[in-house]
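First comes the structure, then the notes that go with it.
The values are calculated or read from the model by the stated rules, or taken from the named source; none is laboratory data. Fair warning: this is a prediction, and the values are worked out from it, not measured in the lab. Neighbour counts run over all protein chains shown; Cβ positions are idealised from the backbone, glycine included.
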Amino acid sequence: MRANCRRTCRDPRPPSNSSLQQRPVTCSEHQPVRKEAVVSNVGLSRFRMTTLPPWSGVLMLLVLLILALAIFEPAFISMGNVNNIIRAAAIPVVLGIGMTFAILTGGIDLSVGSVLAFSGVFLSILAGFMPISLAVLVTLVAVTAIVGGINGSLIGLVGLNSFVITLATLGVFRGIAYLVTNGKTQTVDPGPIVTALGDGNVGPVPGPLLVMIVIGLIASYVLRSTYFGRDVYAVGGNEVAAQLAGINTRSVKMTVYFVSAACATLGGIMSIGRMESAAPTAGAGLELAVVAGVLLGGTRLSGGVGTIAGTVIGIFFLTCVSNALTIIGVSSYWQPIATGVLLIAALLFDRFRLEPSRRANKKKER
């Protein structure tokens with residue numbers, strides 16, 4: 001009987017009519033039949049692509065870049081140059097954190113560079129009438145409310161296109177900065193606190209690094225561990241499904257532009273501490289580098305996928321590339337070209353990374 005049971009379980013031929021009429025025989029009490037697992041190369045590659053963090057590629061490039069420059073240009077890893085890289089990346093990272101929130105919902109904020117200049121000019125005016133610490137607080141609250149209210153209301157509540165609206169406010173706030181200053185740079189005494197945050201030290205730690213760490217940890221916690229953060233990902237992943245799930249998508253989209261405005265305003269305050277002046281040209285073109293860094297860090301332009309860690313890594317990668325070009329002696333005119341090329345590369349990589357899932361979705365639709 002045991003031999004017949006084993007033969008029946010291993011026999012690949014379909015059962016005959018006579019066997020169907022008999023009582024079914026189970027082989028659970030006997031030795032189980034081993035089956036060989038078959039894993040296709042496509043499935044394995046898809047598994048690897050989906051399990052790796054979205055910023056793993058740019059992190060690998062950053063490590064390779066640092067190793068190559070450490071070998072061929074030892075000055076790159078000197079303490080002085082590392083300090084310069086940290087200070088140069090600080091403001092773009094802060095702006096990039098706010099940009100990440102906007103892009104995660106499927107939008108974008110192109111006004112961050114102009115808001116940086118506008119907030120700096122705003123602070124320079126207030127500094128002439130009140131203590132610098134109070135001026136900083138008023139600037140942070142007022143500019144965030146103005147910029148976030150305009151962008152957030154038009155995009156989140158009215159439903160206008162984020163690209164068009166923030167492109168318009170880019171021109172508006174830059175123009176206001178020019179009008180108020182008459183196109184001239186305004187000298188500002190930032191005081192010890194603002195100086196420490198923008199270009200000084202807090203104990204042995206560079207102030208800009210401390211700001212990046214604090215803002216980055218707070219933003220990462222919000223996205224990973226709060227209901228609002230989950231709503232942000234849900235809206236960017238599928239806005240219609242998020243609405244059906246009871247999420248107030250308008251409120252979420254409006255809030256992320258307040259977050260972006262707050263980060264851009266903080267960046268303007270830090271620029272005052274770094275430059276000790278407010279210029280209407282400050283932050284011009286910075287939005288391109290910020291968007292490039294966010295996308296290089298694995299945030300999907302269509303929304304729903306991205307991390308704060310990836311944004312920090314992506315912007316540091318761009319900063320290291322710019323710094324390396326300067327050390328090597330390449331003309332500064334090549335730096336925006338390099339940024340643009342890397343931005344295109346990030347978009348192509350994102351397309352390549354999502355291709356397997358797109359093909360799978362098409363097969364399901366068929």
Quick one: which of Ser260, Ser271 is of a type in the set (S, T, N, Q), over 21 Å from Ile132 (Cα atoms) and touching a residue at least 60 places away in the same chain (Cβ under 8 Å)?
-> Ser260
Out of (1) part of a helix (DSSP H, G or I); (2) in contact with a helix residue (DSSP H, G or I) (Cβ under 6 Å, 6 or more places away or on another chain), what's the single condition that is false for Leu160?
-> (1)
Are there any pairs, at least 6 apart or on different chains, whose C-beta atoms fall under 8 Å, with the first in region 328-343 and over 26 Å from Thr299 (Cβ atoms) and the second modelled with pLDDT of 80 or more and charged (D, E, K, R), and if so, which?
-> Ile328/Glu73
Are any residues in region 81-126 of a type in the set (A, V, I, L, M, F, W, C), surrounded by fewer than 24 Cβ atoms within 10 Å (Cβ to Cβ) and in contact (Cβ under 8 Å) with a residue 12 or more places away in the chain, and if so, which ones?
-> Ile85, Ile86, Ala88, Ile108, Leu110, Ile125, Leu126
Could you identify the single residue in Arg274, Arg300 that is closer than 27 Å to Ser124 by Cβ, basic (Lys, Arg), buried (at least 17 other Cβ atoms within 10 Å of the Cβ) and modelled with pLDDT under 95?
-> Arg274
Taking into account only those residues within region 262-271 that are small (Gly, Ala, Ser) and under 18 Å from the mean Cα position of the chain (by Cα), which is surrounded by the most Cβ atoms within 10 Å (Cβ to Cβ)?
-> Ala264
Please go through region 291-309 and pick out each residue that is of a type in the set (A, V, I, L, M) and closer than 13 Å to Ala346 by Cα.
-> Val291, Ala292, Val294, Leu295, Leu296, Leu301
Positions within region 303-339 being hydroxyl-bearing (Ser, Thr, Tyr), surrounded by fewer than 19 Cβ atoms within 10 Å (Cβ to Cβ) and within 21 Å of the chain's Cα centre (by Cα), in sequence order | none
Answer yes or no as to whether Leu286 is within 25 Å of Leu197 (Cβ to Cβ) and surrounded by 23 or more Cβ atoms within 10 Å (Cβ to Cβ).
-> no
Test result for Phe173, more than 24 Å from Ile308 (Cα to Cα), modelled with pLDDT of 95 or more and assigned to a helix (DSSP H, G or I) = yes
Since Ile344 meets every condition but one in (1) buried (at least 17 other Cβ atoms within 10 Å of the Cβ); (2) of a type in the set (Val, Ile, Thr); (3) over 10 Å from the mean Cα position of the chain (by Cα), which condition does it not meet?
-> (1)
What is the one condition in (1) among the aliphatic types (A, V, I, L, M); (2) out of contact with any Asp or Glu (no Cβ under 7 Å at 6 or more places or on another chain); (3) surrounded by fewer than 20 Cβ atoms within 10 Å (Cβ to Cβ); (4) farther than 22 Å from Gly310 by Cα that Leu210 does not satisfy?
-> (4)
So how many residues does region 245-261 have that are surrounded by fewer than 24 Cβ atoms within 10 Å (Cβ to Cβ), small (Gly, Ala, Ser) and not in a loop (DSSP other than H, G, I, E, B)?
-> 1
Lys184 fails exactly one of (1) assigned to a helix (DSSP H, G or I); (2) modelled with pLDDT under 95; (3) of a type outside the set (Gly, Ala, Ser); (4) more than 30 Å from Gly80 (Cβ to Cβ), namely (1)
Selected residue (only one of Gly43, Gly57, Gly113 is modelled with pLDDT of 90 or more and either touching a strand residue (DSSP E or B) at 6+ places or on another chain (Cβ under 9 Å) or of a type in the set (Gly, Ala, Ser) (or both)) = Gly113
Any pair with Cβ under 9 angstrom, 6 or more apart, that starts in region 201-214 at a residue that is touching a residue at least 40 places away in the same chain (Cβ under 8 Å) and ends at one that is crowded, with 16+ Cβ neighbours inside 10 Å and among the polar types (S, T, N, Q) = Gly207/Thr195
Is region 215-238 home to any residue that is at pLDDT 95 or above, in a helix (DSSP H, G or I) and closer than 26 Å to Ala127 by Cα?
-> yes
